[in-house]
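Only the coordinates and a few stated rules stand behind these numbers; no lab work does. Bear in mind the structure is a predicted one, so any value in this text is a computation, not a measurement. Every residue, glycine among them, receives a Cβ derived from its backbone with ideal geometry; neighbour counts consider all protein chains shown.
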Amino acid sequence: MQFAGSHILSVTQFERADVERIFSVADRMEPYAQRRRVTKVLDGAILGSMFFEPSTRTRVSFGSAFNLLGGEVRETTGIENSAIAKGESLYDTARVLSGYSDVIAMRHPAAGSVAEFAAASRVPVINGGDGANEHPSQALLDLYTIKKELAGRGRGIDGLRIAMVGDLRFGRTVHSLCKLLCLFQRVQVVLVSPAELRMPGEIVEDLRGAGHEVLESDALEASIAHVDIVYSTRIQEERFSSQQEADLYRGRFRLNQSIYTQHCEPNTVIMHPLPRDSRETARELDDDLNDNPNLAIFRQTDNGVLVRMALFALVLEVAEQVDAHARDVNWYTAGRF
Ligand code: CP
């Protein structure tokens, strides 16, 4: 695809070569994300960060990524702090805010809303999550993490065996990840969820159409026995009609160290898009896994900065200029990474 000036709204925009290009640029961002080098390639550029739904990682890592490339970030958080609360349309909001920014990262609770906003925007818009629909930058960082985790084991994304566990109906990260996996070969996907929270049928069909083997199950232990990756997700309480309805499913699939030791192959990688729900009634990924070296959740969050830097560098067409605007850092950085 032509990255320069493009909106990033769905992973279905990408061919495999595009994903590999993003990963290749992300690899080159490591010295900057690890604070060994500083670049000012986006000096003077402005990111409009518009998060109309709660977020920690996506919002802050988009902002960090832009700062690390030398740009400035202007944030709007919460519909209540925006004129949308006074009835302003997404069209008008996009027309106005795209006059104040060079690129926009946006999250919104309604599926399709980021694409609607992008259609009126005068600058590229990157989807930071639209309802239960898609979360393309998360899927890219997840796949980038899978690639890096498996590289040391002589395995790649082709031939991957992955179990996705939890709320597969409303979890936008697993929707985007499944669509991205359709670009690869011979993937085995085990989809573990309550019957009411199964992966949407069209995404299962997409996986099968790509030649992948798909199993659906409601039994955790048997499903995680022969996979490279266990990708856990929380119950997406905010998508249910009530907390009581979400409570019906919360805590149904809990992975802890004991279950991992008993049922997983050695070195099975544990992932989660985060936030994990650490309340006693949930704990889909128990804190007792924190010292397990195969728990990759914080490597995922670190990788998110690299991938988001790569997206900005490609969309704003500076990927080949980053090093030319760089210098070594002069402050203490040892031991962080
Ligand atoms: N993974 C993710 O989207 O996290 P946040 O909701 O904190 O952005």
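Within region 1-97, list the GluC sites (Glu not before Pro) lying in a DSSP loop whose Cβ has at most 10 other Cβ atoms in a 10 Å radius.
Loop-located and lightly packed - Glu15.
Count the net charge of all other residues whose Cβ sits under 10 Å from the Cβ of Glu237, scoring Lys and Arg as +1 and Asp and Glu as -1.
So the environment of Glu237 carries a net charge of -2.
Across all directions of projection, what mean area in square nanometres is found for the Cα convex hull of the chain?
Values: hull surface 68.6 nm².
Averaging across all directions leaves 17.1 nm² for the Cα convex hull.
Spin-label point model (7 Å from Cα, Cβ direction): what's the Asn330 to Ser258 distance in nm?
5.6 nm
Measuring from label point to label point, each 7 Å out along Cα→Cβ, what is the Arg208 to Ala4 span in nm?
Each label point is offset 7 Å from its Cα along the Cβ direction, giving 4.3 nm.
Taking the C-alpha atoms of region 172-218, how large are the radius of gyration and the largest Cα-Cα span, Dmax, in Å?
9.9, 29
Count the DSSP beta bridges whose two residues both fall in the chain, then state the antiparallel fraction as a percent rounded to the nearest 5.
10 percent
If each residue of separation counts as 0.36 nm, what is the full-extension length gain between Tyr100 and Asn67 once their alpha-carbon separation is subtracted?
That works out to 10.2 nm of additional length.
Which net charge results when you count Lys and Arg as +1 and Asp and Glu as -1 among the other residues whose beta-carbon is under 11 Å from that of Ile297? Don't jump to the answer; show the numbers that get you there.
Numbers: positive: Arg57, Arg276, Arg299; negative: Asp142, Asp302.
Here the count lands on +1.
Given a Förster radius of 45 Å and the C-beta distance between Asp27 and Arg279 as r, what FRET efficiency does 1/(1 + (r/R0)^6) yield to the nearest 0.05?
0.75
Using 1/(1 + (r/R0)^6) with R0 = 35 angstrom and r between the beta carbons of Thr12 and Asp287, what's the FRET efficiency to the nearest 0.05?
It comes out at approximately 0.45.
Return the sequence-ordered ³J(HN,Hα) values of region 21-26 in whole Hz as given by the Karplus equation 6.51 cos²θ - 1.76 cosθ + 1.60 applied to θ = phi - 60°, using x for Gly and Pro.
Listing the rounded values in order: 5, 4, 5, 5, 5, 4 Hz.
Put a dot 7 Å past each Cα toward the Cβ at Arg35 and Glu80; how far apart are the dots in nm?
Here the modelled spin labels are 3.3 nm apart.
Rounded, prolate or oblate: which one fits region 160-269, using the alpha carbon gyration tensor with axes a ≥ b ≥ c (rounded when a/c is under 1.5, else prolate when a/b beats b/c, else oblate)?
oblate
Viscosity 0.692 mPa s, temperature 37 °C: what is the translational diffusion coefficient of region 38-133 from Stokes-Einstein with a Kirkwood Rh over Cα pairs, rounded to a whole number of µm²/s?
Rounded, D is 247 µm²/s.
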